[in-house]
Amino acid sequence: MPIVPAGVKMDFFSKQVRTSRNISGGWWATILMGGLNYQIEHHLFPNMPRDSLRRAQPLVRAHCAALGVPYTPEMIANARADVRSQASADADTADLVKRYPKALARDYDGNAGRVTEADALIAYLQVLGTLVDFKLYNDKANIR
């Protein structure tokens, strides 16, 4: 899932499709996620009832193909592997880094025996830090 650089202008449709991710996994994924596994369709049509998102998917895919906008659902297997590779100090992180080049998978608090809240918080904050372009930050504009 790409991060759109600051200053890049995209139309609504392209931005929602490119920066959202569906999770495929069959009927059980839909039940488990309450229909929100159709994130692309949900972002395009936020007021659409969740049970209608599945029926909108073929129309959105066809429109993406006509416009040349990539439509790429992610598999739950990848999500599960991503969590495992970040949760284990001994995990093979090659696939994770291949999918997310800025990802860091390691033990953050020195307790390699288990994943703690500190590990989760530090990993989350580091991801947020990769999403911000600090060159565009204006500290004078945020004075209250």
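Descriptive notes on the structure:
- Counting the residues of segment 19-78 that are among the aromatic types (Phe, Trp, Tyr), in a loop (DSSP other than H, G, I, E, B) and farther than 24 Å from Val8 by Cα gives 1.
- Arg50 vs. criteria surrounded by 15 or more Cβ atoms within 10 Å (Cβ to Cβ) and touching a residue at least 24 places away in the same chain (Cβ under 8 Å): no
- Some residue of segment 81-97 being surrounded by 16 or more Cβ atoms within 10 Å (Cβ to Cβ), part of a helix (DSSP H, G or I) and at pLDDT 70 or above: yes
- Residue ID - surrounded by the most Cβ atoms within 10 Å (Cβ to Cβ), chosen from residues in segment 21-47 that are among the hydrophobic types (A, V, I, L, M, F, W, C) and within 14 Å of Pro73 (Cα to Cα): Ile40
The values are calculated or read from the model by the stated rules, or taken from the named source; none is laboratory data. None of these values were measured; they are calculated from a predicted model. Backbone-built Cβ (ideal geometry, glycine too); neighbour counts: all protein chains shown.
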